Structure formats: C-alpha cells, structure tokens
Amino acid sequence: MSIGTLLFTWLHGKRVGADATGNVYYQERQQPAGARRRRWVIYWRGPAEASRVPPEWHAWLHYTTEAPLQVQARRVWEKPHQPNRTGTALGYRPAGHDYVGGQRAPASGDYESWTPGS
C-alpha cells in the first residue's frame, strides 16, 4: 500500500467496517458535489487482490447496496469464500499439467490431423 493511500485514508476516510480476514473498508467522510462518496478497501497483509473481498462486502464496494450486507450463518451447501488461487501452488492443475507429472491421457482415436491441400 502506498503512502498516498494511507494519507488519503487518514485525511478523508471514514471507517465503515472490516471483514473476517482483517480487510478494512472505508468511504469518504463528505460527499463531493454532484458525485457519490468513494469507497475503498485496505487489504490486511498480502497483495491487493480483488478476489480477497468476500461477497458480503463486494456489493457495498460496487454501490449495489447502501450498507454492507450482514454476515449470515452459512447454509450446508455453501462453501466458505476463497480468494483466486490462479498462479499459486494451490491453483487448479488438470491431469497432464507439467507440475502434475506431465502425462496426458492418449487421444481417443477420432482425431484426424489437417494436411494442407487435402
């Protein structure tokens, strides 16, 4: 996080709340003439990655709701929020990926390569 963000937050920000992972959410104290108040998040430890914002706060950050959504008890079929893991060791790697052995299943036999002029 830059010193500019910290300074702007200190001078103009009003803390709205925080999520379970420690991210803190702010909006401008005063509404600019003819515009809506800016909203932003300061991430707790780690990169500023948008997928780290849980669904409860996503709607508020994008002006879909006026107030942050209340965290409710999860239903049995709901999974907990997980940030995007693409590019990390925990990312999805299909069978045949180099990091998973690099062996793909053989082609099914219905593949016919293209030959120019045929």
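Just to be sure I understand, if you calculate Kirkwood radius over Cα pairs in Å for this structure, which of (i) 14.6; (ii) 18.6; (iii) 16.1 do you get?
(ii)
List the chymotrypsin sites (Phe, Trp or Tyr not before Pro) in the stretch 41-101 that DSSP assigns to loop (not H, G, I, E or B) and whose Cβ has at most 10 other Cβ atoms within 10 Å. Which are they?
Passing both the DSSP loop test and the Cβ count: TYR63, TRP77, TYR92.
Give me the tail of P(r) for the stretch 15-69 as a percent: Cα-Cα pairs with distance above 14 Å.
In whole percent, the share of Cα-Cα pairs in the stretch 15-69 beyond 14 Å is 51.
Multiplying the sequence separation of ALA18 and ASN84 by 0.36 nm and subtracting their Cα-Cα distance, what value in nm do you get?
21.8 nm
Picking from PRO54, PRO83, PRO106, which is most flexible by a Gaussian network model of the chain using Cα springs under 10 Å?
In the Gaussian network model the winner is PRO106.
None of the figures in this text is laboratory data; all of them are computed from the coordinates on show. Computed from a prediction, not measured in an experiment: that's the story for all the values here. Counting neighbours? That spans all protein chains shown, and the Cβs are built from the backbone with ideal geometry, glycine included.
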